[in-house]
Amino acid sequence: MGYIKHDAVIVTTAEWRDGGLPDIDAFRRSLPEGFRPLVVGPIKAPLNGYVSYAFLPDGSKEYWEDSDLGDVFRAQFVGQFTALSDNVVAVSFGGDYRTEFEKPAAWYPDDDLPAVES
């Protein structure tokens, strides 16, 4: 039995960011086949030159090997976005996590721990 918590990362950045946009297609190809569909983007916003990406939940239970791999891959995904114009947020929600906390948690990945409101 395991603890279910969905973890995801969302990024919005500018098309004109310093150094250009990261090669997310190459990053996606570097992942094991089952994780590849979880990386979404680039998705262009209709206004102001913004582009968004996401790394969606892997569906594994916390502390399982696949969940730990998902954590590593999400951290690598975040590492693709280091420009000042990059806006990155991590979220945890749903499953057993929802029964423990009233609201989803969202935090900036460079923070040590999620800010949880209950």
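A few comments on the model shown:
- Candidate set from the stretch 5-23 (those that are among the small types (Gly, Ala, Ser) and within 12 Å of Asp86 (Cβ to Cβ)); member that is modelled with the lowest pLDDT: Gly19
- For the stretch 62-83, a residue qualifies if it is over 17 Å from Arg36 (Cα atoms) and open to solvent by less than 60 Å² (accessible area, probe 1.4 Å), and the qualifying residues are Glu62, Phe81, Ala83.
- The set of residues from the stretch 1-39 being under 21 Å from Ser67 (Cβ atoms), open to solvent by 50 Å² or more (accessible area, probe 1.4 Å) and of a type outside the set (D, E, K, R) comprises Met1, Tyr3, Ile4, His6, Ile10, Ser30, Pro32, Gly34, Pro37.
- Residues that are open to solvent by 60 Å² or more (accessible area, probe 1.4 Å) and farther than 26 Å from Ala14 by Cβ, drawn from the stretch 40-60: Gly59
- Evaluation of Asp86 against (1) over 17 Å from Val51 (Cα atoms); (2) acidic (Asp, Glu); (3) at pLDDT 85 or above; (4) open to solvent by less than 60 Å² (accessible area, probe 1.4 Å) (one fails), failing number: (1)
- Pairs meeting the criteria (first residue in the stretch 97-111 and at negative phi, second residue surrounded by 16 or more Cβ atoms within 10 Å (Cβ to Cβ) and of a type in the set (Ser, Thr, Tyr), beta carbons under 7 Å, at least 6 apart or on different chains) are Pro104/Ser92; Ala105/Ser92.
The values are calculated or read from the model by the stated rules, or taken from the named source; none is laboratory data. This one's a predicted model, so the numbers in the text were calculated from it and none came from an experiment. As a convention, Cβ positions derive from the backbone with ideal geometry for all residues, glycine included, and neighbour counts pool all protein chains shown. For accessibility, only protein heavy atoms count, side chains too; no ligands or nucleic acids. Shrake-Rupley method; radii C 1.70, N 1.55, O 1.52, S 1.80 Å.
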